[in-house]
Amino acid sequence: MSDELVFYTNPMSRGRIIRWMLEEVGQPYRTELLEWGAGSKSPEFLAVNPMGKVPAIKHGDTVVTECGAICAYLADAFPQAGLAPPHGSKLRGPYYRWLFFAAGPVEQAVSVKSMGWEAPPERKMMLGYGSIEDVLDTLEGLLTGREYVAGDSFTAADLYLGAHIGWGMQFGSIEKRPAFEAYVARLEARPAAKRAVEIDDGLIAAQQQKQPAPAE
């Protein structure tokens, strides 16, 4: 597809996940940086995402929001990058399973824990993820003795799941376990992951330099 690819983001947001995905895809894209507050709530951006949330992408006339959906879309839009098992492959099921496990149970469980909320034991069955312990134990079982979640190759599911685990361990919302640390270290060593971090960290540094110095 030759349509322009536009990436709406802030470097201190979940947009870092999509920056990594775009670097893995390897196609030209244009970045639209949005400041917190007025920037993400401007009429122009609300026309892209009425939620006023980043990240979002626009590929030609197609708009995609939500990190999991963006990862899945880009993997299919640019199959030459090899970031998803081909349609018809038996690996397509595990790929979808763990991509959306990250978008559902992992995201929910970590967010709830970060807020300090806890459901009464008799009501945990109402939660789609059960408990944070269930989620982490499931992930540990998945990743123990395994390099990737869908076969022997890195996919968008690894990128999205690994970003969640790495972020969670960094900020203490996911406990460090050997299987998690080995998995994240392997993913973060990828050249595209390193490029993405360098780009976004550079943007953060540039934003900080523009801020006025505090009055003495």
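The values are calculated or read from the model by the stated rules, or taken from the named source; none is laboratory data. Model, not experiment: these values are computed from the prediction. Note that we place each Cβ from the backbone using ideal geometry, even for glycine, and neighbour counts take in every protein chain shown.
What the table shows:
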| quantity | calculated |
| --- | --- |
| Any chance residue 8 is touching a residue at least 24 places away in the same chain (Cβ under 8 Å), surrounded by 20 or more Cβ atoms within 10 Å (Cβ to Cβ) and hydroxyl-bearing (Ser, Thr, Tyr) | yes |
| One residue from 154, 171 being in contact (Cβ under 8 Å) with a residue 60 or more places away in the chain and either touching a strand residue (DSSP E or B) at 6+ places or on another chain (Cβ under 9 Å) or of a type outside the set (Asp, Glu) (or both) | 154 |
| Residue pairs meeting the criteria (Cβ under 8 Å; at least 6 apart or on separate chains; first of a type in the set (Lys, Arg), in the range 115-129; second part of a loop (DSSP other than H, G, I, E, B) and at pLDDT 85 or above) | 124/130; 124/131 |
| Flag for residue 111 being closer than 30 Å to residue 132 by Cα and either in a strand (DSSP E or B) or assigned by TED's automatic domain parsing to the domain that holds residue 136 (or both) | yes |
| Test result for residue 69, surrounded by 18 or more Cβ atoms within 10 Å (Cβ to Cβ) and closer than 30 Å to residue 125 by Cα | no |
| Checklist (1) loosely packed, with under 12 Cβ neighbours inside 10 Å; (2) closer than 22 Å to residue 67 by Cβ; (3) among the charged types (D, E, K, R) applied to residue 152, failing item | (2) |
| Within the range 120-195, helices (runs of 4 or more DSSP H) holding 2 or more residues that are aromatic (Phe, Trp, Tyr) | 156-171, 178-188 |
| Residue pairs meeting the criteria (Cβ under 7 Å; at least 6 apart or on separate chains; first farther than 24 Å from residue 14 by Cβ and in contact (Cβ under 8 Å) with a residue 24 or more places away in the chain, in the range 68-91; second of a type in the set (D, E, K, R) and part of a helix (DSSP H, G or I)) | 85/92 |
| In the range 112-125, residue farthest from the chain's Cα centre (by Cα) [restricted to those that are at pLDDT 85 or above, loosely packed, with under 12 Cβ neighbours inside 10 Å and under 21 Å from residue 101 (Cβ atoms)] | 117 |
